[in-house]
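One structure is given below, encoded as structure tokens.
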Amino acid sequence: MNDHDKPESQTTPDRLGLVVSGSLAGGLDVRLDSSRSVEEMAVGRYVTVQGHRSRFFGIITDVELRAANRDIPWSLPEATDDFAREVMAGTTTFGSLRVVPYLQVRATADAQPEPAKTVPVHFAEVRDASQEDVERIFGQEDESHFIIGSPLDMEVKVCLNYQRFAERSNGVFGKSGTGKTFLARIVLASLIQKSNAQREADKRVVNLVFDMHNEYGWKGTREGGSGEVKALKQLFSASVAVFTLDTESSRRRQVATDAVVEIGYDEVEPEDIEVLRETVNLTDLAVEAGYTLERRFGRQWIEKTLALDPSDEEEREFLQRESIHDSSFRNLRRGLRRLERLEFLRPHTEQNSVQTILNYLQSGKNVVLEFGRHGDNITAYVLVANLLTRRIHDRYRQQKEAAMGDRAQEPIHLVITIEEAHKFLNPQLAGQTIFGQIAREMRKYNVTLLVVDQRPSGIDTEVMSQIGTKITCLLDSENDVDRVLEGVAEKRELKSVLARLESRQQALIFGHAVPMPVVVRTEEYGSEESYGRFVERPFRERLEEIYSEG
Amino acid sequence: MNSKESPEIIGQVVAADIASFTAQSIELHRAPPLGSLVQTDGPIYAVVCDARTESVEGRRPVAHLSGETDLQSFLDANPHLRHLLRTTFDAVVVGHGESATLRHYLPPHPAPIFAPLRLCPQEEVARFSESLDFLKLLLSAADNSDEVAAACLRLASAAHPDPRAFLLTAGKELARLLPNEPQRLTAILRRIRP
Ligand SMILES: Nc1ncnc2c1ncn2[C@@H]1O[C@H](COP(=O)(O)OP(=O)(O)OP(=O)(O)O)[C@@H](O)[C@H]1O
Ligand SMILES: [Mg+2]
């Protein structure tokens, strides 16, 4: 008897079927055993294929009803009984799976999974991936792997590789309410935890979070349930500082803040205004006028511009001399007036927020900057995130250059988290803003991004291609899906996986920090047990260290 | 096969070719049932696919009822008739070989003429039908092959501990053998439905 004729009673319970055709480029066609129903299958699930010499790991990307002869099911009598249906399942009619093979492990004992370079032989057996398979691929939690969730229908955990994750910019995408913030918070907490566990300084990272909706510092909100979850400072009180732009809001929410950030007009440069072009509707000429006026007035340019009165003969002449058109001036002034309403902007402030933040970061403290009420004001968010990041990046560049390759002197690797990333990284701005630059220069100056966004189609293509690991929940539109999957080899297959994610707490992860794409049910966050994962472990490790030293 | 307790002889081969043979029943009107598995020297296995009773001379007997009310008393009253009639049956060859070398395909030689014929006991039916490769021979043989196959499977299922599972497996084999004949397939399936 051929293997494919084996009665199913002789096969193991986790067997799904046999490879009957396929290609490396297009995926494998798997004939489902007749004892298996298409209804138990799920797109996104992990399978293994036992080839002759290698074992393959793949993902189910489609499920199909097939017939040995396309027309037969149409010519059968209407009243087929259960017995006939059962007989024909797997003989006349088939369930079939489309499986994309991603990894291959050769038969030798110490072989590591590597990208699949061929396909398994005909009639290779396809099985559900076991817990050990998944652990073998994604690693177990340790100081260089952190847990992000579990594969569909499995208890085992999927880990991301901490080093590989940190060495590139990364993205969390998904439409509103899918769990981006929860995911980003898990990622940040994990980065902090793993960084704290590193012994070598150059493996540590420190985070700067532009916390638009006040969800990362002290506590976050949860829809339904108890309504609140702990955020970073409650988990890592010693290594997180919360800064605020809005003391009143912080006080009202009873958040103990470490510092208040104020920004002087004299710290704002025309470049900082330029990124607001879209949000405050500035014309190109108005932006140019800003540069001209700054050259003319120096650091006081905003105050002086706002004081200019074009109805005054002399001042009108001044503008004419500088070849600033009246309408451009008015456009610029209207834009600057909108900044005037932001309370954290002062004509001048003695505190140097950039330096304060840098001091924290360089001592290894993670900084969460809460926007308070200003989070709803996209102008404020873009202005502040851009302004601070430009200055901080500048200092990083200087330090990195001064270190001249001496790793010990280099600044600690910084990960900057921004929400609504398309506001900074859209094709019009990506070439100019600091965030576009950071995304493109990889970690040249030890700075990378964690972008969180619900509309990835708004993000520049080139920037998107620099994003190392993408964690994406369900998306709203075809455009968003296309942008996220751009340049991915198995785009078509992953698209169908992505389209079928549940609308909450499920994500497709692919890229630099995982050996193959994976769909996960995101790790539960918000219970005491979930916090314990972050707190207990380093504590226990530290205790062990103390004992082993003593 | 194990000859320790050989099953009783039910007939004798009277005509044979590689793919089939005809045998005469020892007792009048006692041909083995349609679809049953029989075995003769070789050993050769075959499935009964047709049977008939006729006059020995080849002429059609003339009816002459003389008051008897049933067949048995009519024959008892006319004992010479038993010698003028005979029952023969046809069988499709479906395999050959001793149990260790059991083959579900045609033997190299036909069954010898006058070879004795036995009805296979249940254990042997179960052993033989473990593989369903013989169904192909059965389906391509006689005119009424679908009826024969259905009868054979019904009988064989009783020899298996789980008749329904056996019929399901057999049904699947039929589905594979008749990929382009859905009507034929469903007709057989209706006949073997447990
Ligand atoms: N990992 C998780 N553990 C527990 N609950 C979760 C998790 N992920 C998502 N949720 C639930 O889903 C809700 C929405 O998640 P979240 O606030 O992260 O969505 P979002 O994508 O950031 O939405 P928005 O675009 O509106 O900011 C949460 O309030 C929570 O109830
Ligand atoms: Mg959110």
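The values are calculated or read from the model by the stated rules, or taken from the named source; none is laboratory data. It should be emphasised that the depicted structure is a prediction, and the values quoted were computed from it without experimental measurement. When we count neighbours, we look across all protein chains shown, and the Cβ atoms used for this are built from the backbone with ideal geometry, even at glycine.
Just a few scattered comments:
- Hits in segment B:160-172 - residues which are part of a loop (DSSP other than H, G, I, E, B) and either crowded, with 17+ Cβ neighbours inside 10 Å or within 7 Å of chain A (Cβ to nearest Cβ) (or both): B:His160
- Residue list for segment A:60-97, filter: surrounded by 21 or more Cβ atoms within 10 Å (Cβ to Cβ) and away from chain B (no Cβ under 14 Å): A:Ile60, A:Thr61, A:Gly95, A:Leu97
- Among the residues of segment A:174-193, those that are among the aliphatic types (A, V, I, L, M) and more than 8 Å from ligand 1 (Cβ to nearest atom) comprise A:Val187, A:Leu188, A:Ala189, A:Leu191, A:Ile192.
- From the list A:Leu332, A:Leu361, A:Leu383, A:Leu369, the one residue that fits, being closer than 24 Å to A:Gln193 by Cα and either assigned to a helix (DSSP H, G or I) or within 16 Å of ligand 1 (Cβ to nearest atom) (or both), is A:Leu361.
- Candidate set from segment A:149-173 (those that are within 20 Å of A:Ser130 (Cα to Cα) and part of a loop (DSSP other than H, G, I, E, B)); member that is nearest to ligand 1 (Cβ to nearest atom): A:Lys157
Residues are listed down the side, and each one gets a yes or a no for (1) among the acidic types (Asp, Glu); (2) in contact with a strand residue (DSSP E or B) (Cβ under 8 Å, 6 or more places away or on another chain); (3) under 25 Å from B:Pro116 (Cβ atoms):
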residue	(1), (2), (3)
B:Pro33	no, yes, yes
B:Glu54	yes, yes, yes
B:Val62	no, no, no
B:Leu65	no, no, no
B:Asp70	yes, no, no
B:Val92	no, yes, yes
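- Positions within segment A:98-117 being part of a loop (DSSP other than H, G, I, E, B) and either within 14 Å of chain B (Cβ to nearest Cβ) or surrounded by 13 or more Cβ atoms within 10 Å (Cβ to Cβ) (or both), in sequence order: A:Pro113, A:Ala116
- When the residues of segment B:176-189 are filtered to those that are more than 21 Å from the chain's Cα centre (by Cα) and without any contact (Cβ under 8 Å) to a residue 24 or more places away in the chain, the one that is farthest from the other protein chains (Cβ to nearest Cβ) is B:Glu181.
- Scope segment A:219-237; condition at pLDDT below 90, touching a strand residue (DSSP E or B) at 6+ places or on another chain (Cβ under 8 Å) and away from ligand 1 (no atom under 12 Å from the Cβ); matching residues: A:Lys219
- Here A:Gly220 meets the list (1) in contact (Cβ under 8 Å) with a residue 40 or more places away in the chain; (2) within 15 Å of ligand 2 (Cβ to nearest atom); (3) not polar (S, T, N, Q) almost entirely, failing just condition (1).
- Within segment B:39-54, being surrounded by 22 or more Cβ atoms within 10 Å (Cβ to Cβ) and out of contact with any His (no Cβ under 7 Å at 6 or more places or on another chain) holds for B:Gln39, B:Thr40, B:Ala46, B:Val47, B:Val48, B:Cys49.
- Only one of A:Val121, A:Val105, A:Val43, A:Val87 that is more than 18 Å from A:Val519 (Cα to Cα), among the β-branched types (Val, Ile, Thr) and touching a helix residue (DSSP H, G or I) at 6+ places or on another chain (Cβ under 6 Å): A:Val87
This table checks each residue for (1) more than 8 Å from chain A (Cβ to nearest Cβ); (2) touching a Pro at 6+ places or on another chain (Cβ under 9 Å); (3) without any contact (Cβ under 8 Å) to a residue 40 or more places away in the chain.
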position	(1), (2), (3)
B:Asn144	yes, no, no
B:Leu155	yes, yes, no
B:Ala158	yes, no, yes
B:Leu174	no, no, yes
B:Pro194	no, yes, yes
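- Selection from segment A:419-462 of residues that are within 16 Å of ligand 2 (Cβ to nearest atom) and polar (S, T, N, Q): A:Gln454
- In segment A:178-229, the residue that is nearest to A:Ile416 (Cα to Cα) out of those that are assigned to a loop (DSSP other than H, G, I, E, B) and hydroxyl-bearing (Ser, Thr, Tyr) is A:Tyr216.
- Candidates in segment A:172-184 are the residues that are surrounded by fewer than 24 Cβ atoms within 10 Å (Cβ to Cβ) and either more than 16 Å from ligand 2 (Cβ to nearest atom) or over 19 Å from A:Glu524 (Cβ atoms) (or both); of these, the one that is farthest from the chain's Cα centre (by Cα) is A:Ser176.
- Test result for A:Val368, more than 16 Å from A:Tyr265 (Cβ to Cβ), at pLDDT 90 or above and buried (at least 22 other Cβ atoms within 10 Å of the Cβ): yes
- Listed by first and then second residue, the pairs with beta-carbon distance under 8 Å, at least 6 apart or on different chains, first residue in segment A:485-501 and more than 15 Å from A:Tyr46 (Cα to Cα), second of a type in the set (Lys, Arg) and assigned to a helix (DSSP H, G or I), are A:Leu485/A:Lys491; A:Leu485/A:Lys495.
- Qualifying residue in segment A:251-265 (condition: part of a helix (DSSP H, G or I) and under 30 Å from A:Ser527 (Cβ atoms)): yes
- Selected residue [within 17 Å of the chain's Cα centre (by Cα), within 22 Å of A:Val384 (Cα to Cα) and either within 16 Å of ligand 2 (Cβ to nearest atom) or of a type in the set (Lys, Arg) (or both)] from A:Val187, A:Val209: A:Val209
- Flag for A:Ala166 being free of Cβ contacts under 8 Å to residues at least 40 places away in the same chain and either farther than 28 Å from A:Glu502 by Cα or within 26 Å of the chain's Cα centre (by Cα) (or both): no
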